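Undergrad: Questions regarding the structure given below will be posed in turn.
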Amino acid sequence: MPQHHPRDLAEGDPFGPDTLPYGVFTTPDAPARPRVGVRYGAHVLDAAAAAAAHGSAYADLLAAPTLNPLMAAGRPVWEAVRAEVRGWLDEPYFHPLEEVTLHLPFEVADYVDFYASEHHAANVGRIFRPGGEALTPNWKHLPIGYHGRAGTVVVTGTDVVRPQGQRKAPGDELPTFGPSLRLDIEAEVGFVVGTPAPASTPVPLSDFREHVFGVCLVNDWSSRDLQAWEYVPLGPFLGKSFATSVSAWITPLDAFDAARTAPPARTYPLLPYLDDSAGEPGGIDLRIEVRINGEVVSRPPFSAMYWTAAQQLAHMTVNGASLRTGDFYASGTVSGPEPDQLGCLLELTGGKGPFLADGDEVTLTAWAPGANGARIGLGEVTGRIVPARTAPPGS
Ligand code: CA
C-alpha cells in the first residue's frame, strides 16, 4: 500500500479534507467484503479498517456492505464519524482509486424524480406541447415529481443498454416497436435520505438537515420517443425506468455549508410548508459539467433551480407519506438560462437531436465552492450506451 499523506493532494483537488464523501468499495484481495470507504484525493480511505484499528464506536457501521446503517444512525453520528475520519487522513489505510472496485453505495428504498428547473420545464413544455403554455398552471406552486424505479438505479460505470418500446412519431398512423431512437441524458443532483420519518409527520423545511445524509450526481437516462408517446396522462414510465445512474460517492450535506445560496426569486407567494423566505438559503451553488465522449457539451448551474431540495423533501412528506432510510430523490434536469447551460440533449438540440448513439459515453462532474477557496467535489457519474440486446417480441 503506498504511503499517503494530505500533502499528496493535487492543487485544487475537489476531494480534500472538506469534502470526504462516503462510498462502498472492495479490493482484489477481498472481493466479497464490501465496506465503507472515504474518498480523499485519488485515494480511498478504508474507513472500516481505520475504525477497527482505533476501536471506534462506529466500526460496525463502517464495516457494513452499504451506507444504510450509517445513514440510519442520524445526524449526531454523521458528525461524529466525519470528525473521526478527519483524524485518520495521515494514516496508512489508503488504496489508490484505480485499485478498488466501487459499488452502488446505498440500498435505494424509494426513488422520486423532480422537475425543479424553470428553464428546463419551460424548454421541454415548448418542445412537447408546442402552442400551449410552456409551464403547467401548478408548476410555480408545488415541486412537481413522479415516483421512479428504485430497482434500476445503477452505479457509475454501469453500461446502459438502449431501451426498447413503443414509439409513435407525429406523422405515424400507428405506434411501432423497437430500440429507442431518441435516447437522452438528464444531468441532475440527487439527495439521499438517512434518518427516517414516521407516517403522518411531514418534514418541515427546517428539518431538512436532520434527514438528508448527502448529495450525489445523477444521470436520469431518458428515452424521448418512448416518453412522448406514453406520458399523457400519468407521466414518465418506461421512457425513464430502464436505468438511472448515480455517482459512487455520497458527499455529506455539511460539505456544502459554504456553497449555500438563495434560490431565484419566486413568482408567487408559497404555501407555508414551502415558504423558505426566512431561514437559511436552500440553494446550493454547484457547477456541473456534462461531457459526451470527452467533449464538454454543457455547464448547468444548480444555483438556478427554482425549487430546493428542502422544499422537495417537505413536499414529498406533506401528505403524510413516511420516509425510509435509503429514500432517494433527484432534482430534475438542471438547466440554466444560457444555451450552454442546458442539462439534456432535447434542449441542447431544440428537440431535433442528434441523440445518443451506441458507444457514446456520458460523464457528469460537479464541484461547489468551499471555505477559503477550496473546491467541494461530487463524484463523477459515467455511463456508456450499448446496443439493445433483445429482438422485439414477435419479430
Ligand atoms: Ca429527470
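Undergrad: Any residue that is within 15 Å of the ligand (Cβ to nearest atom), closer than 23 Å to Phe302 by Cβ and out of contact with any strand residue (DSSP E or B) (no Cβ under 6 Å at 6 or more places or on another chain) - is there at least one of those in the stretch 204-211?
TA: The answer is no; no qualifying residue exists.
Undergrad: Of the conditions (1) surrounded by fewer than 19 Cβ atoms within 10 Å (Cβ to Cβ); (2) farther than 23 Å from Glu118 by Cα; (3) of a type outside the set (Lys, Arg), Thr267 satisfies every one except a single condition; which number is it?
TA: Exception for Thr267: condition (2).
Undergrad: Arg299 versus (1) in contact with an Asp or Glu (Cβ under 8 Å, 6 or more places away or on another chain); (2) open to solvent by 70 Å² or more (accessible area, probe 1.4 Å); (3) within 16 Å of the ligand (Cβ to nearest atom): which is the lone unmet condition?
TA: For Arg299, the exception is condition (3).
Undergrad: Testing Val189 on (1) more than 16 Å from the ligand (Cβ to nearest atom); (2) within 30 Å of Thr267 (Cβ to Cβ); (3) buried (at least 19 other Cβ atoms within 10 Å of the Cβ), one condition comes back false. Which one is that?
TA: Unmet condition: (1).
Undergrad: In the stretch 131-150, which residues are of a type in the set (Ser, Thr, Tyr) and either within 13 Å of the ligand (Cβ to nearest atom) or open to solvent by less than 40 Å² (accessible area, probe 1.4 Å) (or both)?
TA: Within the stretch 131-150, Tyr146 is the sole residue that qualifies.
Undergrad: Which of the residues spanning the stretch 310-339 are out of contact with any helix residue (DSSP H, G or I) (no Cβ under 7 Å at 6 or more places or on another chain) and part of a helix (DSSP H, G or I)?
TA: If the condition is that a residue be out of contact with any helix residue (DSSP H, G or I) (no Cβ under 7 Å at 6 or more places or on another chain) and part of a helix (DSSP H, G or I), then Gln312, Met316, Thr317 are the ones that fit.
Undergrad: Quick check on my filter: what residues within the stretch 66-95 are of a type outside the set (A, V, I, L, M, F, W, C), surrounded by fewer than 16 Cβ atoms within 10 Å (Cβ to Cβ) and modelled with pLDDT of 95 or more?
TA: Pro76, Glu79, Arg82, Arg86, Gly87
Undergrad: If you check Ala278, Ala330, Ala310, Ala314, which single one turns out to be farther than 18 Å from Val189 by Cα, of a type outside the set (S, T, N, Q) and outside the structural domain of Asn68 (by TED's automatic domain parsing)?
TA: Only one candidate passes the filter, namely Ala278.
Undergrad: Counting only residues that are within 27 Å of Phe213 (Cα to Cα) and either away from the ligand (no atom under 16 Å from the Cβ) or not in a loop (DSSP other than H, G, I, E, B) (or both), how many does the stretch 100-130 have?
TA: Summing the residues that are within 27 Å of Phe213 (Cα to Cα) and either away from the ligand (no atom under 16 Å from the Cβ) or not in a loop (DSSP other than H, G, I, E, B) (or both) in the stretch 100-130 gives 15.
Undergrad: So, one more: For Gly194, state whether it is under 30 Å from Tyr22 (Cα atoms), crowded, with 20+ Cβ neighbours inside 10 Å, out of contact with any Cys (no Cβ under 7 Å at 6 or more places or on another chain) and not aliphatic (A, V, I, L, M).
TA: Here the answer is yes, as Gly194 does meet what is asked.
Undergrad: Looking only at the stretch 222-256, which residues are outside any loop (DSSP other than H, G, I, E, B), away from the ligand (no atom under 16 Å from the Cβ), open to solvent by 20 Å² or more (accessible area, probe 1.4 Å) and out of contact with any Asp or Glu (no Cβ under 9 Å at 6 or more places or on another chain)?
TA: Trp229
Undergrad: If I ask for residues that are out of contact with any Asp or Glu (no Cβ under 9 Å at 6 or more places or on another chain) and touching a residue at least 24 places away in the same chain (Cβ under 8 Å), which ones from the stretch 70-80 would you list?
TA: Leu70, Met71, Ala72, Ala73
Undergrad: Of the numbered conditions (1) aliphatic (A, V, I, L, M); (2) open to solvent by 10 Å² or more (accessible area, probe 1.4 Å); (3) touching a Gly at 6+ places or on another chain (Cβ under 8 Å), Ala169 satisfies every one except a single condition; which is it?
TA: All conditions pass for Ala169, except number (3).
Undergrad: Please find, within the stretch 326-344, the residue that is farthest from the ligand (Cβ to nearest atom) out of those that are closer than 15 Å to Val124 by Cβ and crowded, with 24+ Cβ neighbours inside 10 Å.
TA: The residue in question is Leu342.
The values are calculated or read from the model by the stated rules, or taken from the named source; none is laboratory data. All values derive from a computational prediction rather than experimental measurement. Note that we place each Cβ from the backbone using ideal geometry, even for glycine, and neighbour counts take in every protein chain shown. Accessible surface is based on the protein model in full, side chains and every heavy atom, while ligands, DNA and RNA are left aside. Shrake-Rupley method; radii C 1.70, N 1.55, O 1.52, S 1.80 Å.
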